Ligand SMILES: Cc1cc2nc3c(=O)[nH]c(=O)nc-3n(C[C@H](O)[C@H](O)[C@H](O)COP(=O)(O)OP(=O)(O)OC[C@H]3O[C@@H](n4cnc5c(N)ncnc54)[C@H](O)[C@@H]3O)c2cc1C
């Protein structure tokens with residue numbers, strides 16, 4: 001059985017683990033003759049059903065985890081590059097390049113994602129307005145077509161296929177390697193400013209500014225008072241905003257040779273988390289009163305006015321990685337992360353969604369807000385210019401599905417969308433209303449994969465593929 005990180009909606013597939021690009025091509029050719037189709041899987045960190053394929057095959061790409069030598073690449077605007085296998089995790093790449101004073105400019109909230117998964121979801125970090133999504137890091141990639149043909153593609157030469165693949169959720173072919181651009185951080189460190197905000201309006205105002213490269217907010221949606229869900233509950237929407245930036249020499253203009261030691265963070269990401277929930281843990285540990293108390297404490301312990309301080313590498317980029325297997329604390333039923341974005345100017349809809357969930361007695365245990373800048377051009381990429389909220393909710397909450405369906409309507413009505421890499425429950429009609437490039441994606445995907453080999457539980461549920469027999 002396979003499932004996503006939310007541990008909801010598991011399904012049974014046959015898993016094949018190719019160990020090289022040639023083995024991958026052979027596997028694709030062999031699977032053409034079998035029913036059920038196939039989808040690639042990386043580190044399994046998508047929250048929903050994107051990397052599973054009930055009754056068919058799943059290609060586990062984690063063995064293609066090689067990392068090549070860093071190249072000084074004049075053609076990439078002076079930025080060094082690194083060639084990596086699609087199964088390499090961002091954590092393993094950073095472990096290699098940070099000691100050289102180099103960094104990936106876009107990283108998600110966990111380092112345990114594969115390069116293939118990062119490309120397929122066109123992931124974003126806390127710096128989207130400044131640096132865009134993962135598409136901005138990808139110079140080229142090698143993709144294995146449903147016919148077993150290995151092809152190198154780049155945004156300059158293969159614009160359409162590139163746009164369909166970045167954010168294409170593995171449905172345009174299996175990515176087997178990528179060449180990624182790196183930025184120089186040698187001699188630099190991050191300084192953060194932590195600000196406590198009494199309400200959502202103040203949180204959004206701080207996130208809306210351009211004074212810092214990175215910005216993220218934690219918001220309390222449970223408030224102080226136990227019992228009774230109501231918007232008037234004290235503390236609903238208060239939050240803490242962390243804005244940060246590099247300080248030190250502007251290393252992007254330097255030509256330091258790979259091998260030079262960075263003066264800060266020279267070790268890169270932590271090898272192992274200090275704490276770990278046991279692999280077989282099944283009990284639900286997280287409950288509303290506990291999270292309400294935790295939130296109140298977190299809010300009160302944050303500095304009342306902005307204060308600047310140096311930020312360590314791990315807690316700045318990957319705070320959730322400090323506790324391995326934290327997803328198991330939601331128990332057997334798992335959890336759903338509802339991540340949506342609304343266009344700039346429609347912030348009131350971002351709040352309406354939060355209020356509607358609160359009124360439906362849906363407890364949000366973790367709420368994280370960020371701002372997005374210009375989209376990457378990926379046909380199914382999630383980020384559009386505006387504000388995004390990611391909400392962690394216990395999957396067993398009564399009435400959750402209908403509350404989220406109402407939220408979908410609000411989001412779609414405002415011209416916003418839900419993130420496919422986090423989704424496990426949306427309906428095809430909502431998908432069509434949110435992603436205006438869906439028809440173009442379907443047409444392109446149909447041309448690449450006329451026999452409908454590539455498919456997943458997500459693609460079936462959301463109707464991501466053009467109608468054809470069996471897909
Ligand atoms: C704690 C946590 C924090 C997160 N924070 C963020 C965040 O800040 N920003 C953000 O954008 N996302 C975030 N995510 C989501 C995560 O970045 C994406 O879901 C990413 O796609 C996971 O990569 P993976 O290797 O685990 O892919 P999987 O979950 O295995 O697969 C995800 C998708 O990628 C496709 N795929 C995987 N490998 C390949 C390949 N080789 N070729 C073709 N397709 C492939 C799969 O078919 C599937 O559609 C977070 C997830 C977690 C668990």
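The values are calculated or read from the model by the stated rules, or taken from the named source; none is laboratory data. Predicted model, so just to flag it, every value in this text is computed and none were measured. Cβ placement follows ideal geometry from the backbone for every residue including glycine, while neighbour counts extend to all protein chains displayed.
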Contacts under 6 angstrom Cβ, first residue in segment 27-39 being under 26 Å from residue 3 (Cβ atoms), partner away from the ligand (no atom under 14 Å from the Cβ), 6 or more apart: 28/148; 36/55; 38/31
Can you spot a residue in segment 181-189 that is buried (at least 24 other Cβ atoms within 10 Å of the Cβ) and either within 16 Å of the ligand (Cβ to nearest atom) or in a strand (DSSP E or B) (or both)? yes
From the list 43, 33, 50, which one is part of a loop (DSSP other than H, G, I, E, B) and either closer than 18 Å to residue 84 by Cβ or touching a strand residue (DSSP E or B) at 6+ places or on another chain (Cβ under 7 Å) (or both)? 43
If I filter segment 345-356 down to residues being free of Cβ contacts under 8 Å to residues at least 60 places away in the same chain and either in a loop (DSSP other than H, G, I, E, B) or in contact with a strand residue (DSSP E or B) (Cβ under 8 Å, 6 or more places away or on another chain) (or both), which single residue comes out as surrounded by the fewest Cβ atoms within 10 Å (Cβ to Cβ)? 345
Taking into account only those residues within segment 413-429 that are more than 16 Å from the ligand (Cβ to nearest atom) and surrounded by fewer than 21 Cβ atoms within 10 Å (Cβ to Cβ), which is nearest to residue 354 (Cα to Cα)? 413
Which condition number in (1) within 21 Å of residue 124 (Cα to Cα); (2) modelled with pLDDT of 95 or more; (3) surrounded by fewer than 19 Cβ atoms within 10 Å (Cβ to Cβ) is the one that residue 169 fails? (3)
Can you tell which of 31, 100 is away from the ligand (no atom under 12 Å from the Cβ), closer than 16 Å to residue 171 by Cα and over 25 Å from the mean Cα position of the chain (by Cα)? 31
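Tally the residues that are more than 14 Å from residue 240 (Cα to Cα) and crowded, with 22+ Cβ neighbours inside 10 Å, restricting the search to segment 215-225.
Selection size over segment 215-225: 1.
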With respect to residue 422, is the statement that it is modelled with pLDDT of 95 or more and in a strand (DSSP E or B) true? no
Being assigned to a helix (DSSP H, G or I) and more than 6 Å from the ligand (Cβ to nearest atom) is the filter; apply it to segment 119-128 and report the residue that is farthest from residue 244 (Cα to Cα). 119
Scan 64, 24 and give me the residue that is over 26 Å from residue 330 (Cα atoms), at pLDDT 95 or above and either out of contact with any strand residue (DSSP E or B) (no Cβ under 9 Å at 6 or more places or on another chain) or not in a loop (DSSP other than H, G, I, E, B) (or both). 24
Selection count where residues are in contact with a helix residue (DSSP H, G or I) (Cβ under 9 Å, 6 or more places away or on another chain) and more than 11 Å from the ligand (Cβ to nearest atom), scope segment 34-62: 4
Residue hits (segment 389-419; touching a residue at least 40 places away in the same chain (Cβ under 8 Å), in contact with a helix residue (DSSP H, G or I) (Cβ under 9 Å, 6 or more places away or on another chain), in a loop (DSSP other than H, G, I, E, B) and farther than 22 Å from residue 169 by Cβ) are 414
Answer yes or no as to whether residue 105 is more than 9 Å from the ligand (Cβ to nearest atom), touching a residue at least 60 places away in the same chain (Cβ under 8 Å) and either more than 30 Å from residue 366 (Cα to Cα) or surrounded by fewer than 24 Cβ atoms within 10 Å (Cβ to Cβ) (or both). yes
Return a yes/no flag: does segment 329-342 have any residue that is within 16 Å of the ligand (Cβ to nearest atom) and part of a loop (DSSP other than H, G, I, E, B). yes
Only residues that are free of Cβ contacts under 8 Å to residues at least 24 places away in the same chain and in a helix (DSSP H, G or I): list them for segment 435-459, please. 439, 443, 446, 447
What is the residue count in segment 1-21 for residues that are under 30 Å from residue 394 (Cα atoms), more than 12 Å from the ligand (Cβ to nearest atom) and in a loop (DSSP other than H, G, I, E, B)? 5
Buried (at least 23 other Cβ atoms within 10 Å of the Cβ), at pLDDT below 95, more than 11 Å from the ligand (Cβ to nearest atom) and outside any strand (DSSP E or B) - does that describe any residue in segment 87-97? no
